[in-house]
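A.B. asks: Just dropping this structure here.
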Amino acid sequence: MRHGEQPRVVVRSLSDERPTLAKRVLLLPAAEQAEAARYLRPDDRDRFLVGRLLLRDIIAAETALPLNAIILARDAHGRPCAVQDRRIDINLSHSGDRVVAAIGRDLSVGIDVEQHRAGIDFGAIGRQVFTPWETRLIAASGAAAVAAFFAQWTLKEALIKALGRGFLDDPRRLEIRPSDAGSFRPVFVGSDPDDVGGGWTLVAIDCGDGHAGALAFRPRPPT
């Protein structure tokens, strides 16, 4: 991956990974194997393991390091980072049967995947997350409103993850609007000064049936 290229995205299915998971887990450090063992639900444990292996796979492809030589840490915001090469940024998400990761060189990246789920109070959640414009956009989708909800959610979540601040900020301070050629752009609508900034590219990613996914990225300023 050269400077300025679009991030590399990898989507994996939990069900596809499980047959080889017991063997590949041995590539992980003992501390991460012990962390996985503390999960009570097998699905949560397996998502953690597949995610950690996926991060090492994409870092190995970028740096040519063997998997067992890759050291993962967390930055000041709790995001995973590769100790060996601080010029690359990585991000991970999992939901349902999907685990997704993104890697970019000299880029800030964020990625999100969400399984379409029933039984959620979309109105109550939407009032805490979406602007009035976004709420109207989702409502206008009619029978596809559930898919539209998660599509908008993942676009916003991917951007917030790329910013590295999580949902501590009010997500209603920005809205995600369609841009050119199938991409999207954030529009700051808060009353405070814009601390999101420009230069962001947001795109939907194909995560398979029943899942929505999105990627956000922009060049990092020179250091």
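The values are calculated or read from the model by the stated rules, or taken from the named source; none is laboratory data. Just so it is clear, the structure is predicted and the values come from calculations on it, not from any experiment. Quick reminder, even Gly has a Cβ in these numbers, built from the backbone with ideal geometry, and neighbours come from all protein chains shown.
A.B. asks: Restricting to the range 118-156, give me the number of residues that are in contact (Cβ under 8 Å) with a residue 12 or more places away in the chain, over 18 Å from G210 (Cα atoms) and touching a helix residue (DSSP H, G or I) at 6+ places or on another chain (Cβ under 9 Å).
C.D. replies: 8
A.B. asks: What helices (runs of 4 or more DSSP H) lie completely within the range 6-116 and have 1 or more residues being within 13 Å of the chain's Cα centre (by Cα)?
C.D. replies: 42-63
A.B. asks: Hey, another quick one. May I ask you to list the residues in the range 202-215 that are under 21 Å from G96 (Cβ atoms) and touching a Pro at 6+ places or on another chain (Cβ under 8 Å)?
C.D. replies: Scanning the range 202-215 gives a single hit, L215.
A.B. asks: Scan the range 6-24 residue by residue and report those that are free of Cβ contacts under 8 Å to residues at least 40 places away in the same chain and among the hydrophobic types (A, V, I, L, M, F, W, C).
C.D. replies: Answer for the range 6-24, where residues must be free of Cβ contacts under 8 Å to residues at least 40 places away in the same chain and among the hydrophobic types (A, V, I, L, M, F, W, C): L21, A22.
A.B. asks: Kindly evaluate A162 against the criterion of being among the aliphatic types (A, V, I, L, M) and more than 20 Å from the chain's Cα centre (by Cα).
C.D. replies: no
A.B. asks: If we keep just the residues of the range 123-144 that are assigned to a helix (DSSP H, G or I) and surrounded by 15 or more Cβ atoms within 10 Å (Cβ to Cβ), which is modelled with the lowest pLDDT?
C.D. replies: G126
A.B. asks: Now for a different question. Could you look through the range 183-221, keep only residues that are in a loop (DSSP other than H, G, I, E, B) and aliphatic (A, V, I, L, M), and pick out the one that is nearest to E157 (Cα to Cα)?
C.D. replies: Among those residues, the one meeting the criterion is V196.
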